[in-house]
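Trainee: Just dropping this structure here.
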Amino acid sequence: MSTPIVVAVDGPAGSGKSSVSRAAATRLGYAFLDTGAAYRALTWLALERGIDLDDSGAIVAELADFPYRTEARPEGSHVRVGDADVTIAIREPRISAVVSQIARVPEVREALTAAFRRIIAETRAPGIVVEGRDITTVVAPDAQVRILLTADETVRIARRSAELASADADTARQLRERDRKDAQVVDFLTAAEGVTTIDSTELDFEQTVDAVIEHVRRTAEASTAHQN
């Protein structure tokens, strides 16, 4: 059995990395892992339990009892925390506004990174697309395909507004604030060595998916040729 192709996709908020990665994985017949969903699910649990998000010790303590499960489906990651289906709840603005407080705790990042690597190693699909922040540099730095998906900030704000059915100033403020907070932990705006940048500013959704798939196939073919 050949080694599964690992496709690591990084990028800022509103770049479309989640929807594009999911669509690309579906068309390629690969598994899909949305790492951001785990951070959002932990944030949801902390809020539900009334945890002070400024108390990093209390947040780390939650990891001992974090019944997180995810299942990759064509329409997206299906996420549960214990018996609760939080697939929709973790996308609420109240989660987006504070998830960076959870993600910036070193012990949280370490624990979830280890979990992501286990999921990648255990995939039975011919490949897996893994998306989120610092995927190309920390979670899967040895992935055969590493992509930084980006777009101009104005385009990212417009796309996020459309997703939220809201074109108000709050959308722009929230996107910039998320990027600012997350940039304190990881560098997701600059492609590391060996990472290919795909700029979707002038591309529509399907064109962006096509660009990702083309790059994956080209890289996989080159890798196979090199091995032979």
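Trainee: Take the residues of region 192-215 that are in a loop (DSSP other than H, G, I, E, B) and among the β-branched types (Val, Ile, Thr): which is farthest from ASP134 (Cα to Cα)?
Mentor: Per the stated criteria, the residue is THR201.
Trainee: Here is a follow-up. Which residues, counting only those in region 9-31, are crowded, with 23+ Cβ neighbours inside 10 Å and farther than 22 Å from ARG159 by Cα?
Mentor: If the condition is that a residue be crowded, with 23+ Cβ neighbours inside 10 Å and farther than 22 Å from ARG159 by Cα, then TYR30 is the only one that fits.
Trainee: In this structure, is ARG109 buried (at least 16 other Cβ atoms within 10 Å of the Cβ), at negative phi and charged (D, E, K, R)?
Mentor: For ARG109, the condition - buried (at least 16 other Cβ atoms within 10 Å of the Cβ), at negative phi and charged (D, E, K, R) - is met.
Conditions tested, residue by residue: (1) within 18 Å of VAL20 (Cβ to Cβ); (2) among the hydroxyl-bearing types (Ser, Thr, Tyr); (3) modelled with pLDDT under 90.
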{"site": "GLY127", "(1), (2), (3)": "yes, no, no"}
{"site": "ARG133", "(1), (2), (3)": "yes, no, yes"}
{"site": "PRO141", "(1), (2), (3)": "no, no, no"}
{"site": "LEU148", "(1), (2), (3)": "yes, no, no"}
{"site": "THR154", "(1), (2), (3)": "no, yes, yes"}
{"site": "SER161", "(1), (2), (3)": "yes, yes, yes"}
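Trainee: Of all the residues that make up region 207-221, how many are within 16 Å of VAL155 (Cβ to Cβ) and without any contact (Cβ under 8 Å) to a residue 12 or more places away in the chain?
Mentor: So the answer is 1.
Trainee: If I filter region 76-113 down to residues being of a type in the set (Gly, Ala, Ser) and within 15 Å of the chain's Cα centre (by Cα), which single residue comes out as farthest from ILE59 (Cα to Cα)?
Mentor: GLY76
Trainee: Among the residues of region 93-123, write down those that are at pLDDT 90 or above and basic (Lys, Arg).
Mentor: If the condition is that a residue be at pLDDT 90 or above and basic (Lys, Arg), then ARG94, ARG109, ARG117, ARG118 are the ones that fit.
The values are calculated or read from the model by the stated rules, or taken from the named source; none is laboratory data. What you see is a predicted model; the values in this text were computed from it and never measured. We place every Cβ from the backbone using ideal geometry, glycine too, and count neighbours over all the protein chains shown.
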